[in-house]
Amino acid sequence: MNKKPLIALLTAFLPCLASAHTLQVGATLPSASVTEKGEIVLKGDDVAYQNWNSAQLTGKVRVIQAIAGRSSAKEMNAEMIQAIKDADFPQDKYQTTTIINQDDAIWGTGSFVKSSAEDSKREFSWSSMVLDANGEVRATWELQEENSAIIVLNQDSKVLFVKEGKLNPAEIEQAMGLIKSNL
């Protein structure tokens, strides 16, 4: 029996087996909401929170960065975020939405995660930032804990790309190409 075709088949499906998320390329993003904390909004120099729902994501091409409230998760896809910053996409057609799972923070660091998210919102006021105090999005989309997910959506919230974990250079190029071709 030749094992090469079987090994090739298993290798092809390994990325699918490694992630248990419910997000499917070509499908509409499953509905998710955050009611505890939520979207960070600026009111002058003050920060406020409002309920957030994924239905708000239509109308622009978006990259969702769904991350655990850990610096290691934030750093995991820093190269992708830097590529987005360098591309300087038009704000009327593109937006990054960062969803930070505060429930998946190292014990005792939840208040630091919150203040760091608020500081980031002040620095990048045009970005959409969501602080998910109870991990509602992670649970709804069945994302891995202690991780980073990158999701590219078109203007109709159809998933164009999804990957949990660190993107390699080819995946960053693929995601950036999908953003550019859908603007």
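Overview of values
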read-out: For segment 63-70, Karplus couplings with θ = phi - 60° (6.51, -1.76, 1.60), whole Hz, Gly/Pro x; value: 10, 9, 10, 9, 10, 5, x, 9
read-out: Estimated vicinal HN-Hα couplings, Hz - segment 92-97 in sequence order (Karplus 6.51, -1.76, 1.60; Gly, Pro = x); value: 7, 10, 9, 8, 8, 10
read-out: Structure-derived Rg and Dmax of the Cα atoms in Å - corresponding label in [x] 16.9, 70; [y] 15.3, 44; [z] 15.5, 52; value: [x]
read-out: Sequence-separation-based contact order of the chain, relative, with Cα cut under 8 Å and 6+ spacing, percent; value: 31 percent
read-out: Helix 78-87 axis, angle to the chain major axis (alpha carbon atoms, nearest 10°); value: 70 degrees
read-out: DSSP-assigned coil residues among trypsin sites (Lys or Arg not before Pro) in segment 41-106, each with at most 16 further Cβ atoms within 10 Å; value: LYS93
read-out: DSSP loop chymotrypsin sites (Phe, Trp or Tyr not before Pro) with at most 16 other Cβ within 10 Å: longest gap in the chain; value: 1-106
read-out: DSSP bridge orientation in segment 20-182 - percent antiparallel, rounded to nearest 5; value: 65 percent
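A short reminder: the numbers here are calculations on the coordinates, not readings from a lab. All figures in this text were calculated on a predicted structure; none of them were measured in a lab. Using ideal geometry, Cβ is built from the backbone for each residue, glycine included, and neighbour counts are taken over all protein chains shown.
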